[in-house]
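Visitor: One structure is given below, represented as structure tokens, and several questions about it will come after.
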Amino acid sequence: MIVILISGRGSNMQALLDAGLPVSAVISSRADAQGLQAAAARGIPTGVVEHRAFGSREAFDAALAAEIDRFEPRLVALAGFMRVLTPGFVARFRERLLNIHPSLLPAFPGLNTHERALAAGVKLHGCTVHFVTAELDHGPIVIQAAVRVRPDDSAAALAARVLRQEHVIYPKAAGWFIDNRLVISSGVVSVKGNDAQLVLAAD
Ligand code: GRF
């Protein structure tokens with residue numbers, strides 16, 4: 001079973017649900033996250049652990065971990081979860097914590113990835129699903145989707161094309177995990193049965 005952590009819109013959460021993956025709960029770091037209503041409307045149990053209510057990152061992460069553990073998930077999927085997690089939290093969910101990031105990592109970790117990709121003049125951009133390690137937006141790469149950058153692209157247009165691919169690769173990655181097909185060896189992920197870990201977007 002999967003617990004999904006969100007902070008906002010929740011479109012990746014929806015993609016995981018649409019794929020029919022076994023999601024036992026959705027937990028948000030913000031009570032006003034749009035994705036919470038969408039999850040509840042689909043009959044998925046929801047929870048809120050507001051980071052503002054805690055004095056330290058450690059206290060927040062401990063409360064979050066306790067809430068997650070209530071559902072005993074095999075996989076914890078970060079889907080637009082906007083909090084940096086402590087090393088202790090990451091260690092507790094080691095090799096069962098996935099994140100989706102809107103760039104071709106290791107390029108452009110952090111925020112505003114589409115603006116930064118345009119400013120750097122890269123010709124190829126995209127998104128990455130990776131296992132979470134203590135270093136922000138790093139960790140073994142499960143799958144990437146590559147999107148061509150157009151000469152006249154705006155950050156919003158590029159973000160929309162990347163987001164479409166996020167919705168393709170995250171359910172694939174989570175499905176592989178649930179089916180026990182992911183193998184991590186020396187920091188490199190392979191998929192049993194050799195499924196393609198690269199998607200090249202047509203648009
Ligand atoms: C996505 O672009 C995801 O890659 C990033 O935050 C955004 C969340 O969007 N981590 P949504 O909440 O899944 O719609």
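The values are calculated or read from the model by the stated rules, or taken from the named source; none is laboratory data. Everything numeric in this text was worked out from a predicted model, so none of it was measured. When we count neighbours, we look across all protein chains shown, and the Cβ atoms used for this are built from the backbone with ideal geometry, even at glycine. For accessibility, only protein heavy atoms count, side chains too; no ligands or nucleic acids. Shrake-Rupley method; radii C 1.70, N 1.55, O 1.52, S 1.80 Å.
Visitor: Mind checking whether some residue in segment 59-73 is surrounded by fewer than 17 Cβ atoms within 10 Å (Cβ to Cβ) and closer than 25 Å to Val168 by Cβ?
Guide: No, segment 59-73 contains no residue that is surrounded by fewer than 17 Cβ atoms within 10 Å (Cβ to Cβ) and closer than 25 Å to Val168 by Cβ.
Visitor: Within segment 103-136, count every residue that is among the β-branched types (Val, Ile, Thr) and assigned to a helix (DSSP H, G or I).
Guide: Qualifying residue count for the region: 1.
Visitor: Okay, next question. When His125 is evaluated against the numbered criteria (1) of a type outside the set (A, V, I, L, M, F, W, C); (2) within 15 Å of the ligand (Cβ to nearest atom); (3) open to solvent by 60 Å² or more (accessible area, probe 1.4 Å); (4) over 20 Å from Met13 (Cα atoms), which criterion, by number, is the only one it fails?
Guide: All conditions pass for His125, except number (3).
Visitor: Test Ile100 against the criterion of being open to solvent by less than 40 Å² (accessible area, probe 1.4 Å), assigned to a loop (DSSP other than H, G, I, E, B) and either closer than 18 Å to Ser29 by Cα or among the basic types (Lys, Arg) (or both), and give yes or no.
Guide: Here the answer is no, as Ile100 does not meet what is asked.
Visitor: Also, quick follow-up: Please specify each residue of segment 128-139 satisfying the condition of being within 14 Å of Ala79 (Cα to Cα) and either within 12 Å of the ligand (Cβ to nearest atom) or not assigned by TED's automatic domain parsing to the domain that holds Ala201 (or both).
Guide: Thr128, Val129, His130, Val132, Asp137
Visitor: Separate question: Of the residues that make up segment 180-202, is at least one part of a loop (DSSP other than H, G, I, E, B), acidic (Asp, Glu) and at pLDDT 95 or above?
Guide: no
Visitor: Filter segment 1-29 for residues that are among the small types (Gly, Ala, Ser) and in a strand (DSSP E or B); which is nearest to the ligand (Cβ to nearest atom)?
Guide: Ser28
Visitor: Checking the condition on the phi < 0 side of the Ramachandran plot and free of Cβ contacts under 8 Å to residues at least 40 places away in the same chain, which residue from Glu67, Glu135, Glu115 passes?
Guide: Glu135
Visitor: When you go through (1) farther than 28 Å from Val90 by Cβ; (2) touching a residue at least 12 places away in the same chain (Cβ under 8 Å) one by one for Thr128, which number turns out not to apply?
Guide: (1)
Visitor: Let me ask another. Looking at Ala40, Ala31, Ala19, can you tell me which residue is modelled with pLDDT of 95 or more, under 16 Å from His167 (Cα atoms), of a type outside the set (D, E, K, R) and surrounded by fewer than 16 Cβ atoms within 10 Å (Cβ to Cβ)?
Guide: That would be Ala19, the only listed residue that is modelled with pLDDT of 95 or more, under 16 Å from His167 (Cα atoms), of a type outside the set (D, E, K, R) and surrounded by fewer than 16 Cβ atoms within 10 Å (Cβ to Cβ).
Visitor: Moving on to the next point. Identify the residue in segment 185-201 that is aliphatic (A, V, I, L, M) and under 24 Å from Arg148 (Cα atoms) and, among all such residues, is most open to solvent (accessible area, probe 1.4 Å).
Guide: Filtering first and then ranking leaves Leu200.
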